[in-house]
């Protein structure tokens, strides 16, 4: 109960008690009760709304750009003519190796036709390059056109000639070695040579 209301009630009660104690001669005064005052409600403070912070837009990181792979440059597919030309060049290189190996069995200045039967000769060093040449010529023959046909045919003839020449040179060397062995075994070199020459003239 508020203070004002309590004082109002106490004041009213005091007046009533005082009237009862007065003498009879004095006319009784009817006390008019003081109306109780209605308590005034104190204003209720309205809570102030706390401002809500607006959300800050967080920048979204952009995904890294994909690394561009280098584009492979298109390669030219060799034509049939290109393959034939490559095979012809390969055959020529191989035949060059054959001639070099052939001439290396003689003196430093020896040529194909200057090597005689007195030179120790073997075809062992010639077999590999001859096979390479023949293989390349075989591939060139399958696709050669126009002037290439003539070139390949000449390479084929050259390869055949070199092989036969090398085989003949080796055979001639073997025959000469056999002759020398037989002559030395006879003991009479001059007579043996005369008999060989006479047999050759018959």
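Take residue 69 and decide whether it is in a helix (DSSP H, G or I), within 38 Å of the chain's Cα centre (by Cα) and either at pLDDT below 85 or within 30 Å of residue 149 (Cβ to Cβ) (or both). So residue 69 does not fit the description; no.
Please pick out the residue among 165, 130 that is touching a residue at least 40 places away in the same chain (Cβ under 8 Å) and surrounded by 13 or more Cβ atoms within 10 Å (Cβ to Cβ). Only one candidate qualifies: 165. Screening segment 93-119 for residues that are assigned to a helix (DSSP H, G or I) and surrounded by 15 or more Cβ atoms within 10 Å (Cβ to Cβ) and picking the one that is farthest from the chain's Cα centre (by Cα) gives 103.
The values are calculated or read from the model by the stated rules, or taken from the named source; none is laboratory data. From a predicted model like this one, the values you see are computed outputs, not experimental measurements. With ideal geometry, Cβ positions are generated from the backbone for all residues, glycine too; neighbour counts draw on all protein chains shown.
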